[in-house]
1. Specify the residue that is farthest from Tyr1094 (Cα to Cα); the eligible residues are those in the stretch 1129-1167 that are of a type in the set (S, T, N, Q) and at pLDDT 85 or above.
2. Does Val1122 qualify as being surrounded by 14 or more Cβ atoms within 10 Å (Cβ to Cβ) and more than 25 Å from Gly1045 (Cβ to Cβ)?
3. Only residues in the stretch 52-74 that are free of Cβ contacts under 8 Å to residues at least 12 places away in the same chain count as the first member; pair them with residues that are among the hydrophobic types (A, V, I, L, M, F, W, C) and in a helix (DSSP H, G or I), Cβ under 8 angstrom, at least 6 apart or cross-chain, and list the lot.
4. Does the stretch 678-711 hold any residues that are polar (S, T, N, Q) and in contact with a His (Cβ under 9 Å, 6 or more places away or on another chain), and which are they?
5. For Arg1178, all conditions in the list (1) surrounded by 16 or more Cβ atoms within 10 Å (Cβ to Cβ); (2) without any contact (Cβ under 8 Å) to a residue 24 or more places away in the chain; (3) within 23 Å of Leu1052 (Cβ to Cβ) hold save one; what is the number of the exception?
6. Return the residues of the stretch 459-502 that are more than 21 Å from Glu513 (Cβ to Cβ) and part of a helix (DSSP H, G or I); say none if nothing qualifies.
7. Just need a number here: residues in the stretch 882-908 that are within 24 Å of Arg957 (Cα to Cα) and not aliphatic (A, V, I, L, M).
8. Only one of (1) under 30 Å from Arg1064 (Cβ atoms); (2) out of contact with any helix residue (DSSP H, G or I) (no Cβ under 8 Å at 6 or more places or on another chain); (3) not hydrophobic (A, V, I, L, M, F, W, C) fails for Glu976. Which number is that?
Amino acid sequence: MDERMPRDGDRGLRLASFDGGGARVLSQLKILCNLMHVIGQREGREDIRPATYFDLIGGSDAGGFVVLFLIVFDMTALEALQCFRALCTQVYTNDISSSAEREAALRAFFEDLLLKHHKAIDHPLLNERDVDGQCQGFILAVPAGSLGSVSTFRTYMAPHFYQANITVLDAARVTCAGYPLFPSATITPNNLTDLTQTRSFISASLGHPNPLPQLLQEAQERFTPERFVSVIASFGSGHPGIISLDPDYHKPPGFFGRGDAVRSEIRERLLANCEMTAQQMANRMGHSGVLYRFSVDQGMQGMSDLIVNDAQLDKMSAMVDTYLEQVDVRGNLQKLAAALVKPEGMTTLESINKVPGPVEFDRGLPVLTGYFVRRDEPYCLLLNEMLEGYPTMRVIVVSGFAGAGKTWLTTQFAQENVDSFDEVYFIDGKSERTIKQDLEFHARAKGKVQASWKEALNFFGEKKKKILLFYDNVDSVDLNLQELLPRPGKARGLIIITSRNKMRGAEAHLHIELDMMTPNEAIQMIMGVTRWADTEENRQSARAIGEALGYLPVALNQAARYIARTKCSGAEYLELYRVHRLDILEGSVTAHQRGAFASFDVMWEIVPQHVRNLICILSFLHHNDFPMTIISLAASKQFEVQTQDFVRRNRDFTKSISLLRSIFCKDGPWTDRSLGRIVEAIQNHSLVSFSESRHSLMLRIHPLLHEWARLRTPSSDQALYREAATRLVACAVESEALRPYLMSHADSLLCGSSIALMHVNDRAAFASLFQAAGQHERAQRVWINVREELITTLGRLHLHVATVSVELATTLQPDDVQREIVESSVVEIYSEKLGLSHIKTLGAKVQLAKSLQVLGKRTRAKQILQDTLKKFERLATRPKLVILQAKCILAKIFLQEEAFTRALVYAREASAGLEAELGQSHNDTLDALQHLGLVHFKLEQYEEARAVNQRVVERGRATLGPSHKIVLEAILLLAEIYATLKKWIDMEKILEEGLPHIMEVYGDTHDLSITAMGHLANAYDKRKRFNNALEMKSQIITLLEKNRGKNNDQTLEAMLSLASGHERRHQPKEANEILQRIIEIETSRGKLPSVDVYRLLSRVAFQYYRGFNGQKMARNLQLQVVDGLEKHYGRHHPCTAGELVDLALFLCETGDRDAAIELAKEALSVLPEEGDDARIARKRALTIIDTASTSLGGALTLKYWKEVWDDVSEPFAEELQLAKTKLQHSGMLPSWSMTRAESDDVGTIE
């Protein structure tokens, strides 16, 4: 601190803020340079620094760089200007196309800057040696996904809470992060060890481009409210001009998904809000004489955040010079310089923060209670309408569900932008009477003492002012609102209307349909109200509460206040909510705000009775995705459809039909227009939301309203509403198009004890619904329930019991013993009631035989089928399909018994017959064809097998889809056929196409998936795609280790295959590592590694032997091989002896010739005289004895290969060449190239 400056207690504070604006911030630094020049002239000094003349500096967006330059790097204004200019040319340049590249350039720039100033790359932003009187600063950023909040990163310790410290480099990243120039910045404060504290931030230019309000707040926190202020200097980036949106921007409904272009335009508008904020602050404290605002007012229009070249920077600099030549600007600059040199206190911080604004609130706005979370997207739309500056009054409708936060959003917008309007008026929109009363009140308060409501409308319409009229809660459907709005006149501004009635949007210039909060907004609200510490655990609790409450704002606020009041944890609240939700959601949030259920109670009063009845019926179904087409379908059938009629209905059936008709046919018979009237009636009160699907308009009720409606339904009426809900769903179960949407609603009606309340006929209808949709487990549970009730009601041998038993059997797994029991009972009932030779009895026997075949009871199954086929022959009318099915089962039985010739006869008859009866693409036809192909394969008729299975795959894909099990099983068989025929290209293609579907259907650890992956790896090997083969084998091992364990036999087999792949790729090191792991695992299990392991290890040893300097490793591995085979076969076994020969060779190569001779002799004593392998091994052993007895050293290798050349020429040609190379390398042999003919003449080398 300069000694000539007054002591801190004797002078006023000097504060400064720097707006955002990308490259335009250069203009701020140019103005700062001129200010410092003026001060230098007054002080008679040149080398002065801004940090000497300010106490606190704040920056937003690129303005944050100024804070870093002036405080962290202690630059002069000129140095900061030059540094920022360099930053522009390297970072804010049009030459960089991607945000990631721009961030990399920013990081590189600041790393160089830190090194140049002798600071570490991780130099902290926080100066823990916060010296009293030393200038400090802060920058602003916004947590990603939460425009409504702002985070402050300081160079000083925050006085009232723990200060998270980040690096200077991270500070530079967060101050400018975010679309479209930079990616969001993810950082972890370096004084925190918990990685869950990692957060993502974007620039504060979206929402807080002017840090002046935060500067005042920080000053009051850092200093005392009584502290005097001398200077508040605010530096802006110029007026960006008027940016026009597409003229149709406001027309589409809603506000989500508008795209990056609109988001970029809104960002530019928020930058323009810098000047609005500055003007508001000037209005608040203009009388105090402490605020100085500098921002180039002409020429900056069209200047973007980016620069193209130095000429553009020079042009910007020239604009600043022109601006500074203005008389009033020069005067203000002189006054500011004087105030900075002699900082006399003008007013206190407390006084500045209490200065009232000039806008008149003729009637109070609704009270905003407690913590409020800004809804970013709708708020931006409101802000855009305000900034557009239309010359007339614009009507905006904000519609939404009860408790969605309509009044919160619009009230916050009005309060935060109050200085943008000359007058603000609140009007209670509950009824026509309250609207007229408020209009008259406001007009009379302005001097129109006898004004009627019509005169009040004319009065407001003709005002030459910018007005905000706020009509809240305009929910009445019958209200003609148009006649209660001011007529177009001289007034301009906004008319904001909040309503639950979405149809009000048709009357507006802009309609904002307010949905539930986003998960991030919900977390922010709960964390803010509860004041929980910002930990990942608390955020997870907040997220769970948000999900449980359906992200309804009023319910979230109610929950958070309950937690704050009772000090319970998030988990405790959720448990209380689960058990006592009615009590928890019943009450009010505050004196000014109703709770969730209380809001629904108020809304319910104006809902028509037939709509109330519909909501109560829907409350017994699932809250989501109710197809409105169900209503049309049910109404067209008079709501009377019964798919099953096992037992007579009671009176509830008739009463529920009457209730449904009173709702949907109250104005007469159902017509095509009736559904539209129902939809409109529901939308009038925002009770539900709608979305389009392929087959129907889908209805969704908020889960809390859904719960409230059911809890509010009197117990005496619940049975009737549940029965009516059941009627709607039961009438649609046979509709294939609607079936996928009915599952959740059927589940809701059947849950818990509700299944006992449903008539057995409806239960059977729902069971058939689940079954048709492939939901066999759910169908099974319901069929069992229906069967038990029918047995109790009608008796065990009733035909209805048999009907249900047949359906139940199809839901059981083929290998389930219960299926055999159920199907046996069907045979018993049909035999008893219909006779032994009845078609139904015989068909039931065929189904029973099918189950027996799957269970492995082939003898009994074959006996039943052969007996049944004989009885079918005696019938006048024979059921062809059942007979063909019987033959198909017989074919499978004979296939399992390996009677392939008999299986072929039945398989051909069954497949041909089914193709004629059902078509070539029917499931049963394809299944029969697949088994025919398998029979051909077993009979080694590979071409026939290939042709049949190819047809199954092609037809199955076209009709059943690529993921059907018949198709997938055919693909696996076809792959085996291709492997047998050595058609590796075809094998590779079929498996690459089928493997993703196999893994999707069976899971990645199913035997069929592993088999398919193994086949594909084999195909890759054969196609010499070794890298792909190794990758596939590694993937198999990873899956097996994860799901079956590292010690599993299948895992070890896969590891052996991978090691073999590495060996074939001449990668002995990788192969050996895997083999040693296998040996280690097997040894730990107390098992002996397989012979295949040692044989592969022997080949790996030989690869080491072939390489330079690998002889010792080869010897050691071969010792391990001999030891392993000795444990398998004993020492004196030909297999062991063969490996002893290789070990002798390796010992000889490493200089241990005596041991080599002994091992070779031992091998000769064991190896048989007969057999090609034995003959070659004996010759190799003899050669080793012969050559090891000489002193030729490396020549041994060549001599060895010469001796065995005639027997092993082709397999070992590579080894021969390697031997020659070794001898040449050692200088023992001249450089020459030996052909096969030459090798015969080499002889013994002397």
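The values are calculated or read from the model by the stated rules, or taken from the named source; none is laboratory data. Because the structure is a prediction, the values reported are computed rather than measured. Glycine also receives a Cβ, built like all others from the backbone with ideal geometry; neighbour counts cover every protein chain displayed.
1. Step one: list which residues in the stretch 1129-1167 are of a type in the set (S, T, N, Q), which gives 1136, 1150, 1165.
Now narrow it down to the ones that are at pLDDT 85 or above: 1136, 1165.
Working: Thr1136: 11, Ser1165: 22 Å.
The qualifying residue farthest from Tyr1094 (Cα to Cα) is Ser1165.
2. Working: surrounded by 14 or more Cβ atoms within 10 Å (Cβ to Cβ): yes; more than 25 Å from Gly1045 (Cβ to Cβ): yes.
It is true that Val1122 is surrounded by 14 or more Cβ atoms within 10 Å (Cβ to Cβ) and more than 25 Å from Gly1045 (Cβ to Cβ).
3. Cβ pairs passing all conditions: none.
4. Step one: list which residues in the stretch 678-711 are polar (S, T, N, Q), which gives 683-684, 686, 689, 691, 693, 696.
The one that is polar (S, T, N, Q) and in contact with a His (Cβ under 9 Å, 6 or more places away or on another chain): Ser689.
5. (3)
6. Result: Phe459, Phe460, Gly461, Glu483, Leu484.
7. Matching residues across the stretch 882-908 total 4.
8. The failed condition is (2).
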